[in-house]
Amino acid sequence: MEEQAKRFEEDPLSSVRQNAMAESDAAKLALNQKVAMSIDRNFSIKLDDWAITDQKSSGRCWLFAATNLLRAGLVKKLKLKSFEFSQNWLMFWDKLEKANYFLEAMIATADRDIDDRTVATIMENCVNDGGQWNMFVNVALKYGLVPKAAMPETLSSSSTGSMNSALVNRLRVAARRLRDMTRSSHPPADIRKAREKAMADVYAILRMHLGNPPERFDWQWTDDKKKFHRRKGLAPQSFMKEFVSLPLKDYVSVVHDPRKSSPVGRTFTVEYLGNVVEGGQVIYLNVDIATMKDLALKTLKAGEPVWFGCDCSKMLHRDLSVWDAKMFDFQGLYGVPLELESKEDRLLFKRTAMNHAMLFTGVDEDRGKPRKWRVENSWGEKGEGKGFYVMNDSWFDEHMFEIAVRKNRLPAALRAALDKPPIVLPAWDPMGSLAD
């Protein structure tokens, strides 16, 4: 330690850095003022004309981004000033389905040791708030959608900690019971009965925290011409069929994963990643970053927002509402190497993963090339963008992971790749991370 102390004290910059960081936040010292002073919030294409949403203290960004995508078409179709689907409705059924998915996985892996890596991963990701595009589609297709007025927010839908704790505790009790019964060769009927009892308890917990999911509801609204409308006795499935114009079955998750385990032009999935047992798998189509960018750009130019997933924690200035690849220079501040250079290495060494979903609602294009992207977040109206963020194109290359896009917008070779069996990656793979 004496040698390290001597080297520190002999470096004239060390004392300057020490004095500065003792009295100031590191992010403020590392801020790239050139980037911060060059923010432009004008876009050549801007689709949004609606209020921002707020997921509050919950990990429902993927549901907010998906319903925000769907509401764009509904608002236009019905000529509304504002509208929100019920994210609480979707979370209720997603939690119930995740609980069932988890219990089925516990039965299927009962022959493995409890400290098996796959079992441990399933146990850790029991019923968390996060999700993926395909998981949203699974729930929406099975249960339909309702307006926010039909199943509004509760304290627990906006702040999920207590509810999640109760759910996890009940499911781990059930996991112990089901594993023991399966390993002891109990009759399948007895195992099924124990699982059904656990699911009944999960349903009761969800009702207590999230309220009553309606079987039918009345919906009334006033359009932008101040004309009043009312519909009575709507069912969630019929509401979705009538008012949602986007064909959810025609979308595919396109990702950029530069690792050798995920070849470009191939589909892949992650073991035990899902929510609805009988629903569709979470399937990714891997492409290069230029193709992902081109697909997003073409979709926006066609007048449709784009659901996407990224590592939102990197190079974000929340107050300015901006992402830029050079927003902060922490390596220069500390004088030591802090970042892995490639996205591939960042994935391999657990330095990055897709952790947040949002919506592209605009782009600033110059001679066919995007300069920056307009992002609708679901964190309320905080920051200078009032809930809408600027993502400079340099950031897209480094930290974007996924978009949902119509299959017919894919090149022919990529559409053909969808017919091939997906590569299966292990449950703990970083591409199995959930947006929350």
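Just one of F83, F64 is in contact with a helix residue (DSSP H, G or I) (Cβ under 9 Å, 6 or more places away or on another chain), in contact (Cβ under 8 Å) with a residue 40 or more places away in the chain and surrounded by fewer than 24 Cβ atoms within 10 Å (Cβ to Cβ); which is it?
F83
Could you check region 202-259 and list, in sequence order, the residues that are hydrophobic (A, V, I, L, M, F, W, C) and in contact with a Phe, Trp or Tyr (Cβ under 6 Å, 6 or more places away or on another chain)?
L206, L210, L234, V255
For the subset of region 352-374 comprising residues that are touching a residue at least 12 places away in the same chain (Cβ under 8 Å) and part of a loop (DSSP other than H, G, I, E, B), which member is farthest from G130 (Cα to Cα)?
The extreme case among them is T352.
Residue under question is Y389, and the condition is that it be more than 21 Å from I39 (Cα to Cα) and of a type outside the set (S, T, N, Q); does it hold?
No: the conditions fail for Y389.
Every residue, every condition in (1) closer than 30 Å to R7 by Cβ; (2) surrounded by 14 or more Cβ atoms within 10 Å (Cβ to Cβ), yes or no:
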| residue | (1), (2) |
| --- | --- |
| P263 | no, no |
| D288 | no, no |
| L297 | no, yes |
| G303 | no, no |
| G309 | no, yes |
| S321 | no, yes |
| K326 | yes, no |
| Q331 | yes, no |
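What number of residues within region 395-436 are part of a strand (DSSP E or B), surrounded by 14 or more Cβ atoms within 10 Å (Cβ to Cβ) and in contact with a Ser or Thr (Cβ under 9 Å, 6 or more places away or on another chain)?
Residues meeting the conditions: 8.
Among the residues of region 109-120, write down those that are among the basic types (K, R) and either assigned to a loop (DSSP other than H, G, I, E, B) or touching a helix residue (DSSP H, G or I) at 6+ places or on another chain (Cβ under 7 Å) (or both).
Of everything in region 109-120, just one residue is among the basic types (K, R) and either assigned to a loop (DSSP other than H, G, I, E, B) or touching a helix residue (DSSP H, G or I) at 6+ places or on another chain (Cβ under 7 Å) (or both), namely R112.
Got a sec? Which of M123, M106 is free of Cβ contacts under 8 Å to residues at least 60 places away in the same chain and in a helix (DSSP H, G or I)?
On inspection, the qualifying residue turns out to be M123.
Please name all residue pairs, on different chains or six or more residues apart, with Cβ atoms under 6 Å, provided the first residue is in region 43-60 and is farther than 23 Å from N88 by Cα and the second residue is crowded, with 16+ Cβ neighbours inside 10 Å and of a type in the set (A, V, I, L, M, F, W, C).
Between residues of region 43-60 that are farther than 23 Å from N88 by Cα and residues that are crowded, with 16+ Cβ neighbours inside 10 Å and of a type in the set (A, V, I, L, M, F, W, C), the close pairs are I45/L300; I45/V363.
Conditions (1) free of Cβ contacts under 8 Å to residues at least 40 places away in the same chain; (2) in contact with a strand residue (DSSP E or B) (Cβ under 8 Å, 6 or more places away or on another chain), marked per residue:
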residue	(1), (2)
A194	yes, no
A200	yes, no
P214	no, no
W219	no, yes
A235	no, no
S238	no, no
S245	no, no
L248	no, no
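Tell me which residues, restricted to region 267-292, are touching a residue at least 40 places away in the same chain (Cβ under 8 Å) and closer than 15 Å to D94 by Cα.
Within region 267-292, L273, G274, N275, V276, V277, G279, G280, Q281, V282 meet the criteria.
Within region 317-351, how many residues turn out to be under 28 Å from Q18 (Cβ atoms) and assigned to a helix (DSSP H, G or I)?
Of the residues in that region, 5 qualify.
Please go through region 142-162 and give me each residue that is over 15 Å from S86 (Cα atoms) and touching a residue at least 60 places away in the same chain (Cβ under 8 Å), ordered by number.
K142, S159, T160, G161
Output the residue which, of all residues in region 287-319 that are hydrophobic (A, V, I, L, M, F, W, C) and out of contact with any Phe, Trp or Tyr (no Cβ under 8 Å at 6 or more places or on another chain), is farthest from D393 (Cα to Cα).
Within region 287-319, the match that is farthest from D393 (Cα to Cα) is A302.
Scan region 151-160 and give yes if some residue there is within 21 Å of the chain's Cα centre (by Cα), in a helix (DSSP H, G or I), crowded, with 21+ Cβ neighbours inside 10 Å and at pLDDT 95 or above, otherwise no.
Looking through region 151-160, at least one residue is within 21 Å of the chain's Cα centre (by Cα), in a helix (DSSP H, G or I), crowded, with 21+ Cβ neighbours inside 10 Å and at pLDDT 95 or above.
Take the residues of region 8-55 that are surrounded by 14 or more Cβ atoms within 10 Å (Cβ to Cβ) and aromatic (F, W, Y): which is nearest to the chain's Cα centre (by Cα)?
W50
Select the strands (runs of 3 or more DSSP E) contained entirely in region 172-278, then report the ones holding at least 3 residues which are at pLDDT 95 or above and more than 24 Å from the chain's Cα centre (by Cα).
The strands (runs of 3 or more DSSP E) meeting that bar are 217-222, 228-234.
Out of curiosity, is R71 over 26 Å from K372 (Cα atoms), surrounded by 15 or more Cβ atoms within 10 Å (Cβ to Cβ) and not aromatic (F, W, Y)?
No, not satisfied.
The values are calculated or read from the model by the stated rules, or taken from the named source; none is laboratory data. Since the model is a prediction, treat every value here as computed from it, not as a measurement. Glycine also receives a Cβ, built like all others from the backbone with ideal geometry; neighbour counts cover every protein chain displayed.
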